[in-house]
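Heads up: the structure comes next, in structure tokens.
The values are calculated or read from the model by the stated rules, or taken from the named source; none is laboratory data. Because the structure is a prediction, the values reported are computed rather than measured. All Cβ positions, glycine included, derive from the backbone under ideal geometry; neighbour counts span all protein chains shown.
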Amino acid sequence: MRWLMKIIFASDQLQNGGTEREVAVFASTLAKLGHEVHIFCVKDLTSDYAIDQSVHVHHFALVSRVNIPKIRVLFRWRNAVPKLRCLHADIILSANLSFKYYPVLWLGTLFSGTKLLLAVRNNLEEKYTKKRDKRMWRCAAHTADAIWIQTEAQRRFFPDQMQEKIFEVPNILDPRFLEIPERERTEIRRIITVGRFHSQKNQKLLIEAFARMLEKTGNRDATLTIYGQSMPWEGPIENELKVLIQTNHLEERIFMPGRMQEIEKCYEQADAFLLGSDYEGLPNALMEAMAAGLPCISTDCLTGPSALIKSGENGLLVPVGDVEAMSQAVEYFVRHPQQAAEMGKAARKRMKTWESREELAGKLLENLRRICG
């Protein structure tokens, strides 16, 4: 008789991000396998990603009428903890939850049989730069029963004594992108990037590098399309990008159409893909572009892109934040479309070897059962 588990994913939200997509996909896949799966969100229950109807989605009861900040936090915790404990889950996965809410999860597992798992979905050193935030994620790592990483490079964030409770399961690749028809690329004209508007994604780098490439080459055909959107709490980055485009007089060469629902069609029509992030976990957009057979250029973040791209073979890696290096890489693609096309074919070949959704969900489940004993 197989062991069916009761699993809780905890996330800030289910909108506009790679981590949120992974929560939706893993939760849905595990639910389809017969397990009881719950998702708890802090900000909003609206999801940009398809979630299986058997997954139970809840809102944390983080509401209090008390106006004194520190006391209000305690009342919110008092409301949230019982909702977790009454489910008697086998395990709670903190997938993309702000560390200020982590004590709620910890209290939800205290003196119970529920295990607590911390999912690392980014470069912790770059994402959490303030001393307080660093202390909070290190405390979370120490108190968690296990740590789920995406790439082997993320092990470096943790001391030797914590290595035994770390396991690796990478992101799930949507098979739709492998189904995009292959085509011959005889020129590199339509260049795209995909990602939410956030300082981490550094779309400014791409705009400046593209402008510099145009200036050096005098190219009259290449365009850059930036797909994505910003969330209300992430600041005025979208407007800053538009101002930068206008300052460089590139309104007819750089476009910002927003977030596309059927992004695979954009990959199908594109000639190359750029990623300018300052830091990453394991970038879904880069995985998708490689699966679609696009020649890709990415910044060589501490974790993520180097797990996918072998520079010069199936794409190009450039130093983080280096506008000139990115500009030279784009120029190389534009001037040498045949070599770029070969890298795109090699990228697709690399992603065809990626494990399937069922295999990766099975690998996660195997580790969850091991953690729960």
Is it the case that LYS201 is in the same structural domain as GLY304 (by TED's automatic domain parsing) and within 18 Å of PHE333 (Cβ to Cβ)?
no
All conditions in (1) at pLDDT 95 or above; (2) under 17 Å from ILE254 (Cα atoms) are true of GLU168 except (2)
Meets criteria (under 17 Å from the mean Cα position of the chain (by Cα) and surrounded by fewer than 23 Cβ atoms within 10 Å (Cβ to Cβ)) for ASP322:
no
Sole miss for PHE333 among (1) buried (at least 16 other Cβ atoms within 10 Å of the Cβ); (2) under 30 Å from ILE91 (Cα atoms) is condition (2)
Selection over the range 89-119 where residues are in a loop (DSSP other than H, G, I, E, B) and at pLDDT 90 or above yields a count of 3
Filter result for SER311 (free of Cβ contacts under 8 Å to residues at least 12 places away in the same chain and under 30 Å from PHE157 (Cβ atoms)): yes
The one condition GLY195 fails out of (1) small (Gly, Ala, Ser); (2) within 21 Å of CYS296 (Cβ to Cβ); (3) not assigned by TED's automatic domain parsing to the domain that holds GLN328 is (3)
query: What do you reckon, is LEU302 under 21 Å from GLN150 (Cβ atoms), surrounded by fewer than 21 Cβ atoms within 10 Å (Cβ to Cβ), modelled with pLDDT under 95 and within 22 Å of the chain's Cα centre (by Cα)?
result: yes
Flagged in the range 343-357 as free of Cβ contacts under 8 Å to residues at least 40 places away in the same chain and part of a helix (DSSP H, G or I), in numbering order, are ALA346, LYS349
ARG253 meets each of (1) under 21 Å from the mean Cα position of the chain (by Cα); (2) closer than 20 Å to PRO295 by Cα with one exception, condition (1)
Among residues of the range 33-53 being closer than 24 Å to MET287 by Cβ and modelled with pLDDT under 95, the residue surrounded by the fewest Cβ atoms within 10 Å (Cβ to Cβ) is ALA50
